[in-house]
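Q: My questions all concern the structure below.
The values are calculated or read from the model by the stated rules, or taken from the named source; none is laboratory data. These figures come from a predicted structure and were not determined experimentally. Quick reminder, even Gly has a Cβ in these numbers, built from the backbone with ideal geometry, and neighbours come from all protein chains shown. Please note that ligands, DNA and RNA were not included when accessible areas were found on the heavy atoms of the full protein model with its side chains. Shrake-Rupley method; radii C 1.70, N 1.55, O 1.52, S 1.80 Å.
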Amino acid sequence: PRPGKILAAGRNFADHAAEMGSAASNEILTGFVKVASSLVGHNGAVIYPTFTRALDYEAEVAAVIGRRGRFIPVEDAESYVAGYTVFNDLSARSLKIAEGRMEREGDWFFDWLLGKWCDTFAAVGPYLVTRDEAGDPHQLEMSLRVNGVLRQHSSAGEMIFTIPEAIAFLSRFVTLEPGDILAMGTPGGVGDTTQTYLQPGDVVEAEIERLGKLVNRVSR
């Protein structure tokens with residue numbers, strides 16, 4: 001329930017990078033960290049925060065680390081994975097931290113990063129599917145629905161960096177430990193592109209082939 005690290009890949013699908021107005025990198029993985037207190041499970045409530053009107057969703061495949069490792073070779077990286085699960089990387093695309101606060105250079109980055117850390121902004125579940133049961137995680141169909149309406153539909157095969165590549169890269173900087181979660185980025189179709197953000201009462205269903213359907217309701 002409280003893994004040591006939640007590591008996340010950013011801009012790992014070219015169509016999502018394009019819809020957000022940035023270029024995807026084929027050279028270096030863009031990574032960031034979410035905190036353990038942001039976790040919420042299957043059928044858990046996603047808390048709608050008072051400081052944003054831009055709550056967004058991101059369906060992702062996540063790998064759960066099964067054994068400790070540092071400087072892991074890419075060819076051995078898969079053996080460090082215990083299994084896979086569905087991950088919804090919720091985000092506050094913009095924040096209103098204080099009324100009347102003057103905008104400053106760098107606020108866009110600060111707000112984006114802080115908007116990933118909030119309580120219940122890392123939905124995970126419903127299962128941990130072991131490697132032998134999951135098959136090739138890079139071939140799984142991905143989708144996300146809000147109130148039954150399809151918003152995202154893609155394949156994990158569209159990832160720019162594979163899970164072994166991400167493990168090998170990130171383990172150069174931090175020791176990976178059992179229970180650590182590695183979320184591998186989202187495809188296009190997030191709410192920010194059409195300004196169709198999540199609202200209290202919305203039901204979000206992130207589904208990945210062979211891994212199950214993660215369901216969460218947005219609540220105040």
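Q: What is the calculated FRET efficiency for F173 to S219, with r their C-beta to C-beta distance and R₀ = 30 Å, to the nearest 0.05? Can you show the working numbers first?
A: Working: r = 36 Å, r/R0 = 1.19.
Given R0 = 30 Å and the Cβ-Cβ separation, E is 0.25.
Q: What shape does the range 5-144 take by its C-alpha gyration tensor, where a ≥ b ≥ c are the square roots of the eigenvalues and a/c under 1.5 counts as rounded, a/b above b/c as prolate, and the rest as oblate?
A: prolate
Q: Would you look at the GNM of the chain, springs on alpha carbons closer than 10 Å, and say which of E105, E60, E177 moves the most?
A: Result: E105 has the largest fluctuation of those listed.
Q: Under the rule a/c < 1.5 gives rounded, and otherwise a/b versus b/c splits prolate from oblate, where does the range 66-220 land using the Cα gyration tensor?
A: Cα axes put the range 66-220 in the oblate bin.
Q: Using the heavy atoms of the protein chains alone and a 1.4 angstrom probe, what is the accessible area of the range 125-218 per residue in square angstrom?
A: On a per-residue basis, 43 Å².
Q: Continuing with this model, one more query. In the chain, what percent of the accessible surface is made up of carbon and sulfur (1.4 Å probe, ligands and nucleic acids excluded)? Before the final figure, lay out the partial values.
A: Working: 5470 of 10420 Å².
Answer for the chain is 53 percent, counting heavy atoms of protein chains only.
Q: Tell me the per residue accessible area of the range 38-118 using a 1.4 Å probe; a whole number in Å² is fine.
A: On the way: 4060 Å² over 81 residues.
With the other protein chains kept in place, the range 38-118 gives 50 Å² per residue.
Q: I've got another one for you. Dipole of the chain, Cα-centred, from +1 at each Lys and Arg C-beta and -1 at each Asp and Glu C-beta, to the nearest 20 debye?
A: Computed about the Cα centre, the dipole is about 740 debye.
Q: Which of the listed residues, M159, A62, L113, is farthest toward the dipole's positive end in the chain, when Lys, Arg count +1 and Asp, Glu count -1 at the beta-carbon?
A: Most positive-ward Cα: L113.
Q: Within the range 183-200, find all residues whose amide N lies under 16 Å from a label point positioned 7 Å from the Cα of N147 along Cα-to-beta-carbon.
A: Counting backbone N atoms under 16 Å from the label point, the list is 191-192, 194-200.
Q: Taking the highest mean first, how do the peptides 190-197, 89-96 order by number of other beta carbon atoms within 10 angstrom per residue?
A: The packing order, highest mean first, is 89-96, 190-197.
Q: While we're on this one: For a quick check, take a GNM of the chain with Cα springs below 10 Å and name the residue from V149, V124, V61 with the largest mean-square fluctuation.
A: V149
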